[in-house]
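Report on one structure; see the data block that follows.
The values are calculated or read from the model by the stated rules, or taken from the named source; none is laboratory data. Not measured: the values here are computed from a predicted model. Here Cβ is always computed from backbone atoms with ideal geometry, including for glycine, and neighbour counts include all displayed protein chains. Protein only, heavy atoms only, side chains kept; ligands, DNA and RNA dropped before computing areas. Shrake-Rupley method; radii C 1.70, N 1.55, O 1.52, S 1.80 Å.
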Amino acid sequence: MVYGSKEVISVVSPRIWSASAAATSAASSSSPGFLALLVQVVDFGATPEGLPVLKALKSLPDLMGRKKVRPDHIDASLLVGSWRRLVLSAPHMEAGTVDWKAYVFCVLESFHRLLRRREVFAKNSSKCGDPQAKLLDGEAWEQVRPTVLASLNLHGEAGEHLAARAALLDGTYREVAGRVPANSQIVFDDDGRLHFAALKPEPEPASLTDLRKAVEAMMPRVDLPEVLLEVFSWTGADQAFTSITGGEARLKDLHVTVAALLVAHGCNVGYTPVIGGIDELKYGRLSHVDQTYLRPATYRAANATLIEHQASIGLPQAWGGGLVAAVDGMRFVVPVPSVYAAPTPSTSGAEAAPPG
């Protein structure tokens, strides 16, 4: 929606326009002043794709309010889908004229869509400005060009790289198209639309079932705090939790209290589920350690200890030496140095989260 001080212009679809043309005609007839002010005050720019829409938007104030608007007064190339019928063939319009009210909303719909895609943009705007305005050029680009190309693992000129990508894409399309006739799961309807048959799940092989059972049998049945205590015994990560006062003396069995607090915060359950009968798990002890020993600096130090210890294990080394990440089933490698690599908030932000 585009809002003025007292006028409102809604970006509507052709279906909604057909159902509410009478109700919206009053709003459109009261908007020339707003549209004129919009294109005068806001310095809009556009990419080549957005230029026709921007030109049409700037012409709207001159069209609105006219008794008769002919087809050559508008940009008919913007009339896609049902808008062509609503604008050019409205039953209430005289022959040789167009419905300029419908045309206004057609242009606004296109303008809204291209504004979101930044094909149309407001110059000098930090939020809706030209996405290419801050691209480096000239000497500034030449200075950082080697670093950027190295971080993206690119070599040579852009034309060479794009030509290789285009050849790969073309070859892949041709390979897929060549397999379509023999694929009974793909059909084309009378309108040329592609349809895929529903894929049935492949039956699990017996080896996978046996492997799942073996892994489940090997998994220890332990509580989460016990896992943390065992990891502490391997890595010494609990030693990273030091007092904010700087004192070297440590509370007795501090690792037990820290493990309980990490569970409380990590699972977002509060103190109540981890409170126990021993001194290390009483409310006063938990509260004191939470306020004195757990803070972003100690979280970061504990995480660093865990990562350093993990790097010494053979399996992570086989997975990529600590540069491999797996998120939601996707595996990817972050090269070093990289313009896309940045500290994660959970380990280096002001609101650091517990390790893990």
Fraction of accessible area attributable to carbon and sulfur, the stretch 35-79 (%, probe 1.4 Å) = 56 percent
What's the percent breakdown of Cα-Cα distances in the stretch 120-254 across 10 Å bins, shortest bin first?
-> 7, 13, 12, 14, 23, 23, 6, 1, 0
Run the accessible area of the stretch 134-276 with a 1.4 Å probe and give the carbon-and-sulfur part as a rounded percent.
-> 59 percent
With each label point set 7 Å from Cα along the Cα-Cβ vector, what nm distance links Asp72 and Arg84?
-> 2.1 nm
What is the Cα convex hull volume of the stretch 97-187 when expressed per residue in Å³?
-> 266 Å³
Order by accessible surface, 1.4 Å probe, largest leading, for residues Asp279, Asp75 comes to Asp279, Asp75
Pull out the extension gain between Val180 and Ile244, defined as 0.36 nm times the separation in residues minus the alpha carbon to alpha carbon distance; nm, one decimal.
-> 16.4 nm
Note: Met330 to Lys127 extended length (0.36 nm per residue) minus current alpha-carbon separation gives 70.0 nm
Per residue, what volume in Å³ does the convex hull of the Cα atoms of the stretch 42-198 enclose?
-> 227 Å³
Heavy-atom surface of the stretch 179-329, accessible at 1.4 Å and reported per residue (Å²) = 71 Å²
By what distance, in whole Å, do the Cα atoms of the stretch 228-276 stretch along each of the three principal axes, largest value first?
-> 30, 26, 18
